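The values are calculated or read from the model by the stated rules, or taken from the named source; none is laboratory data. Note that this is a predicted model, so its numbers are computed, not measured. For neighbour counting, all protein chains shown are included, and Cβ atoms are generated from backbone atoms with ideal geometry for every residue, glycine included. The accessibility values were calculated without ligands, DNA or RNA, using every heavy atom of the protein model including side chains. Shrake-Rupley method; radii C 1.70, N 1.55, O 1.52, S 1.80 Å.
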Amino acid sequence: MRKKEMMAMLLAGGQGSRLGILTMDKAKPAVAFGGKYRIIDFPMSNCVNSGVDTVGVLTQYQPLTLNKHIGIGMPWDMDTKYGGVSVLPPRQTEGEKGSWYSGTANAIYQNIDYIDAQDPEYVLILSGDHIYKMDYAAMLAFHKKNNCDVTIAVLEVTLEEASRFGIMNADENDKIYEFEEKPAEPKSNLASMGIYIFTWKELRKALIADNALHADSDFGKHIIPAMLDQGKTLYAYRFKDYWKDVGTIESYWAANMELIRTLPEFNLYEDFWKIYTNSDNQPPQYTGPDASVRTCIISEGAQIYGTLEHSVISKNVVIEEGTYIKDSIIMEGCVIKKGSVLDRCIVDQNTVIGENVRIGEGDNIPNDRKPKIYNTGISVIGSNTVVPDNISIGKNCVVYGKTKPEDYADNQLASGQSVIIEEASL
């Protein structure tokens, strides 16, 4: 087998705890986005569009949904004899005890044998939980042109935002001379996107050396500062297109809502850079005679009989007569029954909202159990949940499980309250 120029390692094992109930039963990269996609579809599609045909997907937290979605990589043309996609959970090797991935670099270290088997010249490190389109081939060309040991993709952010990121301090040619992890007083606004290209022989040595020092070896905290100290050549690769970290309930909701604009900043409909996903063939969507739809994304197999405004509707959703849904995300397989009103909601997959239910009314009171997660007026209904008929639910509420009328005092759930059934946790 001929030597491979570049392969990718995609870190997809994160819990995404700031997405609350949406990641209770699945990893963040497996969360639905844009009606028919999952978050991981974006870096996976970037790989195939960039000519990267070998991808290792590192999973850890709640991997079942993600594993099923990735399968053998067919949607991304990665069901090939050589290369393709491989799912890489933590594992035990001969003579060693198995252990969880304890850091971003530790996860790659534990899969050195897999990378060696591919024999690449360069390794692309990706995160599985961002929304963007990027040509990794152009980044590789930059890496080779500058004879880099490491190339780090960066975004220009405001100085006010910079303290939230790993910051690159670079010269006029974008050669990095200093890296600061979330500095209180940043010296530049070049923020790391968590996308790296390493020359493999250099990364391999760095991983082995750092593993002897740090059990939780991390690229930002350990590998990159060490390589700088050793005088390795690091460059910043500036990315100036759309990139979104949908790591909070508000940012996830807002990114979905942005897709609905007449001229969205992030366009899902471009032929030259398609986003691929694992999606079964579905019947066409159906809009009933009394339905009203205004500025929405509606996926295949959806049946719409009520009123929709500025919402994202996934496949196989049923919206019954007399409903009114506004500024909401309704995921796959949900049923919203007659007469219900939903405003600024996220309803996770396979959930049933009963008749004459009202969600999103009342004052914007932060959630009493998780105020840092649910505080922008968005109520979230978890997957496989049942909300009974005639229930009123306020803002920043969380509901999960097959709930019954007796779970709601006077058929109401006040703003900032939660109903969690089946010993589920936020």
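Go through segment 234-261 residue by residue and tally those that are open to solvent by 30 Å² or more (accessible area, probe 1.4 Å) and polar (S, T, N, Q). Of the residues in that region, 1 qualify.
Can you find a residue that is of a type in the set (S, T, Y) and buried (at least 17 other Cβ atoms within 10 Å of the Cβ) anywhere in segment 76-84?
Our first condition is that a residue be of a type in the set (S, T, Y); within segment 76-84, this holds for 80, 82.
So of that shortlist, the ones also buried (at least 17 other Cβ atoms within 10 Å of the Cβ) come out as none.
Checked segment 76-84: no residue is of a type in the set (S, T, Y) and buried (at least 17 other Cβ atoms within 10 Å of the Cβ).
Please tell me if V55 is β-branched (V, I, T), crowded, with 22+ Cβ neighbours inside 10 Å and in contact with a helix residue (DSSP H, G or I) (Cβ under 8 Å, 6 or more places away or on another chain). It is true that V55 is β-branched (V, I, T), crowded, with 22+ Cβ neighbours inside 10 Å and in contact with a helix residue (DSSP H, G or I) (Cβ under 8 Å, 6 or more places away or on another chain). Taking the numbered list (1) in contact with a Phe, Trp or Tyr (Cβ under 7 Å, 6 or more places away or on another chain); (2) at pLDDT below 95 in turn, G73 passes all entries but (1).
Out of segment 343-376, which residues are under 26 Å from R38 (Cβ atoms), out of contact with any helix residue (DSSP H, G or I) (no Cβ under 7 Å at 6 or more places or on another chain) and of a type in the set (A, V, I, L, M, F, W, C)? Steps first, please.
Pass one, segment 343-376, residues under 26 Å from R38 (Cβ atoms): 343-353, 359-360, 367, 370, 372-376.
Filter once more, so that each one left must be out of contact with any helix residue (DSSP H, G or I) (no Cβ under 7 Å at 6 or more places or on another chain): 343-345, 347, 349-353, 359-360, 367, 372, 375.
Across segment 343-376, the qualifying residues are C345, V347, V352, I353, I359.
Here S45 passes the criteria (1) under 17 Å from the mean Cα position of the chain (by Cα); (2) farther than 22 Å from V347 by Cβ; (3) crowded, with 24+ Cβ neighbours inside 10 Å; (4) not β-branched (V, I, T) except the one numbered (3).
The requirement of being surrounded by fewer than 23 Cβ atoms within 10 Å (Cβ to Cβ) and either under 29 Å from P264 (Cα atoms) or more than 23 Å from the chain's Cα centre (by Cα) (or both) is satisfied by I112. Quick check, is E406 out of contact with any Pro (no Cβ under 8 Å at 6 or more places or on another chain), modelled with pLDDT of 95 or more and of a type in the set (D, E)? Yes: the conditions hold for E406.
Within the group N67, N106, which residue is touching a strand residue (DSSP E or B) at 6+ places or on another chain (Cβ under 6 Å), polar (S, T, N, Q) and either open to solvent by 20 Å² or more (accessible area, probe 1.4 Å) or touching a residue at least 40 places away in the same chain (Cβ under 8 Å) (or both)? Working first, answer last.
Numbers: N106 fails: touching a strand residue (DSSP E or B) at 6+ places or on another chain (Cβ under 6 Å).
From the options N67, N106, the qualifying one is N67.
For Y242, the test of being of a type in the set (F, W, Y) and modelled with pLDDT of 95 or more is failed.
Can you pull out the residues in segment 288-306 that are touching a residue at least 12 places away in the same chain (Cβ under 8 Å) and surrounded by fewer than 16 Cβ atoms within 10 Å (Cβ to Cβ)? Explain how you work it out, then say what you get.
The initial filter retains those residues of segment 288-306 that are touching a residue at least 12 places away in the same chain (Cβ under 8 Å), namely 288, 290-306.
Residues satisfying the conditions are G288, D290, S292, R294, T295.
Pairing each residue of segment 344-369 that is within 11 Å of V387 (Cβ to Cβ) and at pLDDT 95 or above with any residue that is of a type in the set (D, E, K, R) and open to solvent by 80 Å² or more (accessible area, probe 1.4 Å), provided the two are 6+ apart or on different chains, yields C-beta distances under 6 Å for E355/K338.
Just one of the numbered conditions (1) on the phi < 0 side of the Ramachandran plot; (2) in contact with a Lys or Arg (Cβ under 9 Å, 6 or more places away or on another chain); (3) of a type outside the set (A, V, I, L, M, F, W, C) is not true of Y136: (2).
Of the strands (runs of 3 or more DSSP E) lying entirely inside segment 1-101, those containing at least 1 residues that are polar (S, T, N, Q) are 54-58, 84-88.
Pairs meeting the criteria (first residue in segment 255-269 and free of Cβ contacts under 8 Å to residues at least 40 places away in the same chain, second residue open to solvent by 100 Å² or more (accessible area, probe 1.4 Å) and assigned to a loop (DSSP other than H, G, I, E, B), beta carbons under 7 Å, at least 6 apart or on different chains) are E258/E265. The one condition from (1) open to solvent by 40 Å² or more (accessible area, probe 1.4 Å); (2) among the acidic types (D, E); (3) closer than 27 Å to K395 by Cβ; (4) in contact (Cβ under 8 Å) with a residue 60 or more places away in the chain that E309 does not meet is (4). Checking each residue in segment 323-339 for being out of contact with any Phe, Trp or Tyr (no Cβ under 8 Å at 6 or more places or on another chain) and closer than 20 Å to P289 by Cα picks out Y324, I325, K326, V335, I336, K337, K338, G339.
Tell me, which residue of segment 130-182 that is touching a Gly at 6+ places or on another chain (Cβ under 6 Å) and closer than 22 Å to P43 by Cα is surrounded by the most Cβ atoms within 10 Å (Cβ to Cβ)?
Pass one, segment 130-182, residues touching a Gly at 6+ places or on another chain (Cβ under 6 Å): 137, 166, 181.
If we keep only those that are closer than 22 Å to P43 by Cα too, we end up with 137, 166.
Values: A137: 14, G166: 22.
Selected residue: G166.
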